[in-house]
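As structure tokens, the structure follows; a few thoughts come after it.
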Amino acid sequence: MLTGKNIVIGVSGGIAAYKAADIVSRLKKLNASVYVIMTKGSTEFIKPLTFQSLSQNYVVTDMFEDPKTWDVEHIALAKRADLFLIAPATANIIGKIANGIADDMLTTTVMATEAPVFIAPAMNTKMYENVIVQENIAKLAKRGYHFIDPAAGRLACGDVGAGKLAAPEDIVDVIKAHFTENRPLEGVRIMVTAGPTREPVDPVRYITNHSSGKMGYAIAKQAQLLGAEVILISGPTHLETPNGVKRIDIVTTSDMLEAVQANMAVDVIIKAAAPSDYKPMQYQNQKIKKGSESIDMKLVKNPDILKSIVPLVKDQIVVGFAAETQNVEGYAMQKLQEKKLDFIVANDVTAEGAGFDKDTNIVTIFEANGTKSSYECLRKDVVAGIILDKVIEYLKKQQTIKE
């Protein structure tokens, strides 16, 4: 909850301005006091009345309008703010702030505040990648401004790439994390693998599985919010990268093994991915045409990623996953011992509410010391929190982090 926190939100003139309404709504539900400043351009995309209704506070749009109180308005808001958020932040507003230009209520108030300023850029990909914009971002970051990276995807202009405003829920998570005094994973480096892999059969077909990556992405997101530096090694998925997480995209199981081996300089390894165990013995350069009633395809084993990295593990905490359809405990314990894991998270993917591509999971955690902990059906973000609580216990025993 953000009870007692005063958050000033600056809305600049981009198509993503409407998403700021969702941010205001979410913050109000967390009991924050929200004050909105709109640039003239933003009022072309969404009306001040919307923000006034959601925030239950007067919305400032014009530096020269009649004051609603006897305070100097921009100074009053600047002093009141516990946190200042600009979302969406256009290239124009970023450039103004970076170069000390204060020619409207938003830039004037930003210049006057001593509160931490968080900036969520949103613009065309080419604009975002423009060297001038990147220099302005780097300049502000060096001066202590915080940036909430944009997401990648299809933009309003039709282009595809980085530049979408980060999801409102992710922006709010960043704000919540800022006000969370307890960030036990601060300074801890965590590698998370997530999603399926694909093994090509021919130019149009591949072998894969039903993994969506949701569990691994939930762990990566929660770890980052708890202060960790997170590397997410991801198979093909439609999921957006959690804010602040470094993502490495791979396709095949061999690709994933290579990426894992290249990023072993971490404190914790969480293998939540579902890499394909087998691949075609021979890749067909041309599409296999429909002919006989059946075809024979020989498969060969892929490298076992966890087993392959055992010789490389030093003091890292290693967590595995076991998605099974039968004898869950037996197979999980076998994997735990063979791959020298600290603990393993096991589930029956056939159980209702568990398994692939769902927002919930039902898991049991088996530890190398013989401890077994079972949990009812929970949201995957909650399961992620339970797993990370267990990781924190192990880090404290190692004295990697303090009690």
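A quick yes/no check of all residues on (1) at pLDDT below 95; (2) among the β-branched types (V, I, T); (3) more than 24 Å from I344 (Cα to Cα); (4) within 19 Å of the chain's Cα centre (by Cα):
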| position | (1), (2), (3), (4) |
| --- | --- |
| I233 | no, yes, no, yes |
| N243 | yes, no, yes, yes |
| T252 | no, yes, no, no |
| M264 | no, no, no, no |
| K271 | no, no, no, yes |
| K279 | no, no, yes, no |
| K289 | yes, no, yes, no |
| M297 | yes, no, yes, no |
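Conditions (1) within 22 Å of the chain's Cα centre (by Cα); (2) more than 16 Å from M105 (Cβ to Cβ); (3) in a helix (DSSP H, G or I), marked per residue:
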{"residue": "A16", "(1), (2), (3)": "yes, yes, yes"}
{"residue": "A21", "(1), (2), (3)": "yes, yes, yes"}
{"residue": "V24", "(1), (2), (3)": "yes, yes, yes"}
{"residue": "L27", "(1), (2), (3)": "yes, yes, yes"}
{"residue": "V36", "(1), (2), (3)": "no, no, no"}
{"residue": "T50", "(1), (2), (3)": "no, yes, yes"}
{"residue": "L54", "(1), (2), (3)": "no, yes, yes"}
{"residue": "Y58", "(1), (2), (3)": "no, no, no"}
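Surrounded by fewer than 17 Cβ atoms within 10 Å (Cβ to Cβ), among the charged types (D, E, K, R), at pLDDT below 95 and part of a loop (DSSP other than H, G, I, E, B): which single residue out of K358, K396, K402 fits that description?
K402
Identify, please: which residue in the stretch 163-204 is modelled with pLDDT of 95 or more and of a type in the set (K, R) and is, among those, nearest to D249 (Cα to Cα)?
Restricting to residues being modelled with pLDDT of 95 or more and of a type in the set (K, R), the top hit is R198.
Output the strands (runs of 3 or more DSSP E) that fall wholly within the stretch 292-349 and possess 3 or more residues being aliphatic (A, V, I, L, M) and within 21 Å of G213 (Cβ to Cβ), or say none.
Filter on the stretch 292-349 gives 317-324, 343-348.
Taking G244 and the conditions (1) part of a loop (DSSP other than H, G, I, E, B); (2) free of Cβ contacts under 8 Å to residues at least 24 places away in the same chain, which numbered condition does it fall short on, given that it satisfies the others?
G244 satisfies every listed condition except (2).
Restricting to the stretch 247-265, and then to whatever is without any contact (Cβ under 8 Å) to a residue 24 or more places away in the chain and either in the same structural domain as V160 (by TED's automatic domain parsing) or part of a helix (DSSP H, G or I) (or both), can you tell me which residue is nearest to V391 (Cα to Cα)?
Taking the candidates together, the pick is A262.
Those residues that are under 23 Å from Q326 (Cα atoms) and touching a helix residue (DSSP H, G or I) at 6+ places or on another chain (Cβ under 7 Å), I need them from the stretch 365-382; list them, please.
I365, F366, A368, Y375, K380
Suppose we filter A21, A16 for residues that are crowded, with 21+ Cβ neighbours inside 10 Å and modelled with pLDDT of 90 or more; which single one remains?
A16
Out of all the residues in the stretch 373-393, which are exposed (fewer than 13 other Cβ atoms within 10 Å of the Cβ) and either closer than 25 Å to G195 by Cβ or touching a residue at least 40 places away in the same chain (Cβ under 8 Å) (or both)?
D389, the sole residue that qualifies.
Residue-wise test of (1) of a type outside the set (S, T, Y); (2) under 30 Å from M127 (Cβ atoms).
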site: A152; (1), (2): yes, yes
site: V160; (1), (2): yes, yes
site: E169; (1), (2): yes, yes
site: K176; (1), (2): yes, yes
site: L185; (1), (2): yes, no
site: P203; (1), (2): yes, no
site: N209; (1), (2): yes, no
site: Y217; (1), (2): no, yes
site: Q222; (1), (2): yes, no
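State all residues of the stretch 364-381 that are of a type in the set (A, V, I, L, M, F, W, C) and at pLDDT below 95; if no residue qualifies, say none.
Across the stretch 364-381, the qualifying residues are A368, C377, L378.
Considering only the stretch 186-228, give the strands (runs of 3 or more DSSP E) lying wholly within it that have at least 1 residues that are more than 18 Å from the chain's Cα centre (by Cα) and either in the same structural domain as G244 (by TED's automatic domain parsing) or of a type in the set (D, E, K, R) (or both).
Passing ranges, in order: 199-202, 205-207.
The values are calculated or read from the model by the stated rules, or taken from the named source; none is laboratory data. All figures in this text were calculated on a predicted structure; none of them were measured in a lab. Backbone-built Cβ (ideal geometry, glycine too); neighbour counts: all protein chains shown.
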